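One structure is given below, encoded as structure tokens.
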Amino acid sequence: MEKTYAETKTEEPLDFIRNKVNEDITNNKNDGKVVTRFPPEPNGYLHIGHAKAFCLNFGIAKELNGKCHLRFDDTNPVKEDDKYIQAIKRDIHWMGYDWGDNLFYASDYYEKLYEFAVELIKMGKAFVCDLSMEEIKEYRGTLTTPGKESPYRNRSIEENLDLFKRMRNGEFTDGAKTLRAKIDMNSTNIHMRDPAMYRIKHVSHHRTGDKWCIYPMYDFAHCLSDAIEGITHSLCSLEFEIHRPLYDWFLEKLNLHPRPQQIEFNRLNLTYTVMSKRKLIKLVEENKVFGWDDPRMPTVSGMRRRGYTPRAIKNFVKKAGLTKREQVIDVSLLEYCVREDLNKTSPRVMGVLNPVKVIIDNYPEGRVEEMTAVNNPEDETMGTRKVPFSKELYIEKEDFREEAPRKFFRMVPGREVRLRYAYIVKCTRCTKDENGEITEIHCTVDPESRGGTAPDGRKVKGTLHWVSAQHALKAEVRLYDRLFKRENPESDGHFIDDLNSDSLKVLPECFVEPYLKNVKPEDRIQFERIGYFCVDEDSKKDKPVFNRTVPLRDSWAKKNK
RNA sequence: UACCCCAUGGUGUAAUGGUAGCACAAGUGGUUUUGGUCCACUCGGUUGAGGUUCGAGUCCUCAUGGGGUAACCA
């Protein structure tokens with residue numbers, strides 16, 4: 001049975017919604033039950049803002065032994081599609097939530113909703129209106145002026161009943177008639193000015209096919225679907241606040257009990273991205289990204305492909321908090337949460353993204369040593385692995401300079417560096433091509449320093465990652481950056497202009513250690529000194545593709561900005 | 001020039017009439033075979049004006065600022 005937060009072991013302060021739910025249980029409202037719901041419309045993929053909503057709804061249910069229903073709000077067949085239903089279910093499951101038997105569709109309730117509408121007509125609380133869309137708009141008035149009543153408002157109940165039935169039977173064309181609630185054309189809340197309940201659309205529905213040609217509106221369908229399912233707390237975002245009187249009106253007029261309560265919370269926005277479904281659809285349709293699951297997208301699918309973990313996302317949502325103020329959260333908080341999780345869980349490996357060859361002149365040709373490397377210094381149980389070392393290696397181009405700037409601890413002629421888990425080497429010289437590009441770097445190894453420490457205890461400040469040339473596995477690496485150049489991409493439709501043209505860099509010729517030859521999509525690793533990466537589904541048998549999830553923090557780069 | 005909601009460091013969020021705290025970001029130092037992690041420190045805040053009170057971020061009034069609302073979308 002449900003418990004209160006006093007009985008859970010949370011020591012953190014509760015947000016205002018959890019407080020309210022807690023209070024309701026304490027007062028035995030709804031017999032102390034908690035039933036929430038997550039009601040996506042299947043017209044796009046879920047994004048991090050939706051994640052906040054479903055983490056809240058499923059989270060509360062889980063925390064208090066209540067239930068959370070997944071209900072597809074499918075009342076507008078022209079925008080909806082089954083492919084979105086599949087994607088939404090997959091994303092919620094991936095995040096670790098389960099609706100059990102409680103999978104519903106607003107379209108399950110079409111017959112019942114129709115009956116409720118008939119009931120309202122019988123009460124004289126709804127009428128069939130012949131006004132056109134333009135006329136309705138005109139009659140509605142404006143934000144500052146009252147509306148006026150439709151000339152069809154006082155039709156007899158019998159006539160309304162007959163007309164509504166004929167609407168259902170398909171006797172009228174799209175837009176010819178609507179069923180409207182009879183409320184108050186003078187209300188200061190425009191949503192109460194005789195809102196539409198049903199409109200005619202001769203369109204087949206992804207679930208009900210051609211059974212219906214009238215479809216219920218959100219305001220009518222949502223509150224009643226909640227009531228039908230026995231939802232106790234109907235949590236939605238702030239922009240629905242003004243709809244609440246209407247939500248309550250239908251429930252009250254139809255005298256439904258127990259009565260679900262709508263509570264509104266702030267949406268989650270992130271810097272350097274856009275969050276509205278409309279804008280995300282535009283990015284997909286105009287091929288600004290490769291799809292809904294492009295790793296640069298703020299969608300759950302995109303984040304999965306990018307390598308974010310459910311745990312990191314949940315933690316982020318929790319840290320973002322829940323209030324009634326507008327929030328725009330710094331994307332660095334999300335990245336922090338991702339790194340925090342990946343740091344503890346990702347195996348470390350070496351990979352060279354921009355390779356340059358290193359030749360160790362005093363190392364015997366053909367000799368191969370197996371160096372022991374720690375898989376994760378944060379977690380001893382992850383063990384160690386062997387990494388082959390030989391005369392010719394690759395290191396990162398940017399780890400070598402002919403002239404060292406101040407505090408540059410990497411490879412420079414005449415100086416020593418450590419090759420991680422291998423040896424201390426001293427750079428002697430480099431060769432260049434006719435363009436001045438460095439072609440080879442020559443070093444000598446200190447054979448006494450095997451493993452990386454010198455017996456004389458001398459300090460070597462720099463440690464570089466490397467890959468043995470003859471053992472290297474070729475890989476493609478995709479580097480992602482923020483999708484937009486500006487913190488708040490233009491809100492007025494010109495957000496496309498703020499797209500960051502450098503949001504994706506593909507490096508087709510990287511070298512990684514052979515340990516990675518059996519990776520599979522969604523495997524996550526850390527390339528030491530570079531960042532966290534996730535194996536992409538585009539990977540081929542002998543050429544893996546790695547998506548950069550998030551770079552490691554880099555105080556060196558920051559200092560040199 | 002309507003109605004509704006909101007207002008705490010750069011950002012997000014606590015403080016339920018009694019010491020304004022936490023996290024991220026930013027910065028400084030320490031440790032380090034990842035310029036990572038970790039550790040320590042620093043920076044910086046109650047929109048304004050009145051009122052109630054021994055005492056106000058918190059309650060009241062007004063002002064200011066921000067957001068939402070006029071689909072047969074959700």
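The values are calculated or read from the model by the stated rules, or taken from the named source; none is laboratory data. If you're wondering where the values come from, they're calculated on a predicted model, not measured in any experiment. Cβ: placed from backbone, ideal geometry, glycine included. Neighbour counts: every protein chain shown. The accessibility values were calculated without ligands, DNA or RNA, using every heavy atom of the protein model including side chains. Shrake-Rupley method; radii C 1.70, N 1.55, O 1.52, S 1.80 Å.
Values for this structure:
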{"item": "Every pair of residues 6+ apart whose Cβ atoms lie under 7 Å, when the first sits in segment A:67-91 and is open to solvent by 70 Å² or more (accessible area, probe 1.4 Å) while the second is of a type in the set (D, E, K, R) and within 13 Å of RNA strand B (Cβ to nearest atom)", "result": "A:VAL78/A:LYS201"}
{"item": "Residues of segment A:108-141 satisfying the condition of being without any contact (Cβ under 8 Å) to a residue 24 or more places away in the chain and more than 20 Å from A:ARG166 (Cα to Cα)", "result": "A:ASP108, A:GLU134, A:GLU135, A:LYS137, A:GLU138"}
{"item": "Complete set of residues in segment A:536-561 that are touching a strand residue (DSSP E or B) at 6+ places or on another chain (Cβ under 6 Å) and either loosely packed, with under 12 Cβ neighbours inside 10 Å or not basic (Lys, Arg) (or both)", "result": "A:ASP536, A:ASP538, A:SER539, A:PRO544, A:VAL545, A:PHE546, A:ASN547, A:THR549, A:VAL550, A:PRO551, A:LEU552"}
{"item": "A:MET123 vs. criteria among the aliphatic types (A, V, I, L, M) and away from RNA strand B (no atom under 13 Å from the Cβ)", "result": "yes"}
{"item": "Hits in segment A:459-473 (condition: within 13 Å of RNA strand B (Cβ to nearest atom), open to solvent by 80 Å² or more (accessible area, probe 1.4 Å) and touching a residue at least 12 places away in the same chain (Cβ under 8 Å))", "result": "A:LYS461"}
{"item": "Output for segment A:523-535, where each listed residue is within 23 Å of A:ILE313 (Cβ to Cβ) and either free of Cβ contacts under 8 Å to residues at least 60 places away in the same chain or open to solvent by less than 60 Å² (accessible area, probe 1.4 Å) (or both)", "result": "A:ASP523, A:ILE525, A:GLN526, A:PHE527, A:ILE530, A:GLY531, A:TYR532, A:PHE533, A:CYS534, A:VAL535"}
{"item": "Selected residue [more than 27 Å from the chain's Cα centre (by Cα), under 22 Å from A:PHE54 (Cα atoms) and not acidic (Asp, Glu)] from A:ARG193, A:ARG199, A:ARG180, A:ARG259", "result": "A:ARG259"}
{"item": "From the options A:GLU476, A:GLU448, A:GLU490, A:GLU434, residue that is touching a residue at least 12 places away in the same chain (Cβ under 8 Å) and not polar (S, T, N, Q)", "result": "A:GLU476"}
{"item": "Check on A:ASP31, open to solvent by 20 Å² or more (accessible area, probe 1.4 Å) and at positive phi", "result": "yes"}
{"item": "Spans of helices (runs of 4 or more DSSP H) in segment A:1-104 with at least 3 residues farther than 27 Å from A:ASP293 by Cα", "result": "A:16-26, A:48-63"}
{"item": "Flag for A:HIS257 being open to solvent by 10 Å² or more (accessible area, probe 1.4 Å), within 13 Å of RNA strand B (Cβ to nearest atom), farther than 30 Å from A:ASP497 by Cα and in the same structural domain as A:ARG37 (by TED's automatic domain parsing)", "result": "no"}
{"item": "Top-ranked residue in segment A:453-476 [being touching a Lys or Arg at 6+ places or on another chain (Cβ under 6 Å) and assigned to a loop (DSSP other than H, G, I, E, B); ranked as nearest to A:ARG385 (Cα to Cα)]", "result": "A:HIS465"}
{"item": "Flag for A:ARG296 being under 26 Å from A:GLU80 (Cα atoms), open to solvent by 20 Å² or more (accessible area, probe 1.4 Å) and in contact with a Lys or Arg (Cβ under 9 Å, 6 or more places away or on another chain)", "result": "yes"}
{"item": "Counted residues, segment A:127-164 - those being more than 14 Å from RNA strand B (Cβ to nearest atom) and small (Gly, Ala, Ser)", "result": "1"}
